[in-house]
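What follows draws every value from the coordinates through simple rules; no lab data is involved. What you see is a predicted model, and the numbers here were worked out from it, not measured in a lab. Positions of Cβ are generated from backbone atoms using ideal geometry, with glycine treated the same way; all protein chains shown enter the neighbour counts.
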Amino acid sequence: MNKNLISSSFYAYLSRLRWIKRWGLKRNAHDENVMEHSWEVAVIAHILALIKNRYYEGKVDANAIATSALYHDITEVITGDLPTPIKYHSAEIKNAYKQIEQQAELELLNLLPSALRADFERLIQHNQIPSEHLEIIKAADKISAYLKCQAELKAGNTEFVNAAEQISQSISESKRPEVIFFMENFVPSCGLTLDGLMQTN
């Protein structure tokens, strides 16, 4: 028997992120789960970081940001997805949920072999992630939400009208040049059909 053999349920928990539905208080034309959302946030965060570096003299680690973004909602496998209107309904709820998230981070870390925990602390625990990385991930998260709202509106789902307006307003007020660049250069084509995309090439 291999003495180095370990048993960890860490990735068994992660695999269940596909069953955690987002936007639970709204009727959805297209269901979105936390696993696919995390991938979208990661790729958006990655390119935001690259835009910042290549166009605006940034010096951030795009790969580290993308990896952290992949894990940014990992605690929801324990807590579930708490809708934004509830999460920020009051200072008391916001603070209570933050404590729950921190406890969930620790519980997930403790599922890992001890030799790997230090590596994952810098990915899972928000207080271990550089603030600049967190800000880019947060911006990517907001852009992902914007794209989701636009897709729902295009499908004729008026349930997302208010959310779309609020998120659009928040993004329009962003002073981050990489966000403005992304919104101007990458977002317009996201609403095209496949035929429309092929005609633009």
Charge dipole (debye, nearest 20) of the chain; +1 at Cβ of Lys and Arg, -1 at Cβ of Asp and Glu: 200 debye
nm² value of the averaged projected area, convex hull over the Cα atoms of the chain: 14.0 nm²
Contour minus Cα-Cα distance for ASN33 and SER174 (0.36 nm per residue): 48.1 nm
Average Cα contact separation per residue, the chain, under 8 Å, 6 or more apart, as relative contact order %: 24 percent
Charge sum, other residues only, whose C-beta stays under 11 Å from ASN157's C-beta, Lys/Arg counted +1 and Asp/Glu -1: +2
Rg to Rh, two decimals, where the range 104-155 supplies the alpha carbon set and Rh follows Kirkwood: 1.20
Fewest-first sequence of ILE78, ILE93 by Cβ atoms within 10 Å of each Cβ: ILE93, ILE78
Relative packing of peptides 96-103, 123-130, 187-194 - highest average C-beta neighbours within 10 Å first: 123-130, 96-103, 187-194
Mean ellipticity per residue at 222 nm, deg cm²/dmol - from DSSP H runs of n ≥ 4 across the chain, formula -39500 (n - 2.57): -19500 deg cm²/dmol
Around ILE136: net Lys/Arg minus Asp/Glu count, Cβ-Cβ under 13 Å: 0
Net lengthening on full extension, GLU92/GLU159 (0.36 nm per residue, minus Cα-Cα): 21.4 nm
Rel. contact order, % - alpha carbon contacts under 8 angstrom, at least six apart, the range 122-201: 21 percent
The range 1-76: relative contact order as a whole-number percent, Cα under 8 Å and 6+ apart: 28 percent
